[in-house]
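Read through the structure below, which is laid out as structure tokens, and then see the notes.
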Amino acid sequence: MLSILRKARLKDKEMRILMLGLDNAGKTTIVKRIMNEDVTTVSPTLGFIIKTIDFMGYKLNIWDVGGQKTLRSYWKNYFEKTDTLVWVVDATDRLRVDDCRQELSGLLLEEVRPPTRQSRRQLTTLQRLMGASLLVFLNKTDVEHCMSEQEVRQRLDLDSIKTHKWTILPCSAMTGTNLNGGLEWVVQDAKDRLFLY
């Protein structure tokens, strides 16, 4: 049913991308680089920013949501109608990679947690990411001694994710490396799953 609703909504080739991750992972810098904006002056996102880009014939609405600890409890308010979750990981931040794993698994666990005494409305809130794909952007890979793709894959326990189609892609928000590749994966995945043409 969810897939049918998404297909109906996406007749205009429009997609909603939710970009999350811990603070200082580079989410806003990635969005600015994608939008060809100046990346030399980026401040922490307090709340959210929405940017829209036409990419490969699709309209991508990118929701960049702040990652500070005080804002993370509000992330679920942005799940509605999300087609792809982009999880940004700072490849240089080995100290917080466990926090990163816990936050990501917490988001995805909400999708499969069995109902207890929740009302129907609360259950619906918890299922709004159901069916969304997951792109893990491993950012700052242009920095020496950063974590490898394999290290992050293991430390985030990505292979245990069975509820969402996912991929991991090393990138650099500063140089723009692989950002278009990530968007291409998002569009191709949506074409395979959601679009009839």
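The values are calculated or read from the model by the stated rules, or taken from the named source; none is laboratory data. Please read all numbers here as calculations on a predicted model, not as lab measurements. Don't worry about glycine lacking a Cβ; one is built from the backbone with ideal geometry, like all the others, and counts go over all protein chains shown. The protein model used for the area step is the full one, side chains on, heavy atoms only, and it has no ligands, DNA or RNA in it. Shrake-Rupley method; radii C 1.70, N 1.55, O 1.52, S 1.80 Å.
Working only within region 27-58, note down all residues that are part of a loop (DSSP other than H, G, I, E, B) and touching a helix residue (DSSP H, G or I) at 6+ places or on another chain (Cβ under 9 Å).
Listed by number, the residues that qualify are Glu37, Asp38, Val39, Val42, Ser43, Pro44, Thr45, Leu46, Gly47, Met56, Gly57.
Across region 108-127, which residue is modelled with the highest pLDDT among those that are within 26 Å of Arg155 (Cα to Cα) and open to solvent by 30 Å² or more (accessible area, probe 1.4 Å)?
Leu109
Could you list, in sequence order, all residues of region 48-91 that are farther than 20 Å from Asp189 by Cα, open to solvent by 60 Å² or more (accessible area, probe 1.4 Å) and in contact (Cβ under 8 Å) with a residue 40 or more places away in the chain?
Lys69, Lys76
Filter region 84-107 down to the residues that are modelled with pLDDT under 95 and farther than 17 Å from Gln154 by Cβ and list them by number.
Scanning region 84-107 gives Gly106, Leu107.
Given the criteria under 26 Å from Thr163 (Cβ atoms), open to solvent by less than 20 Å² (accessible area, probe 1.4 Å) and at pLDDT below 95, does Thr45 qualify?
Taking the combined requirement at face value, the residue does not satisfy it.
Within region 137-185, how many residues turn out to be in a loop (DSSP other than H, G, I, E, B), in contact with a Cys (Cβ under 8 Å, 6 or more places away or on another chain) and not aliphatic (A, V, I, L, M)?
Looking only at that region, the number is 4.
Is it the case that region 61-68 has a residue that's part of a loop (DSSP other than H, G, I, E, B), in contact with an Asp or Glu (Cβ under 7 Å, 6 or more places away or on another chain) and under 19 Å from Ala132 (Cβ atoms)?
The answer is yes, given that some residue of region 61-68 is part of a loop (DSSP other than H, G, I, E, B), in contact with an Asp or Glu (Cβ under 7 Å, 6 or more places away or on another chain) and under 19 Å from Ala132 (Cβ atoms).
All but one of (1) open to solvent by 40 Å² or more (accessible area, probe 1.4 Å); (2) free of Cβ contacts under 8 Å to residues at least 60 places away in the same chain hold for Met130; which doesn't?
Here Met130 clears every test but (2).
Would you confirm, using the coordinates I've provided, whether Lys81 is among the basic types (Lys, Arg) and over 30 Å from His145 (Cβ atoms)?
When the stated conditions are applied, Lys81 passes them.
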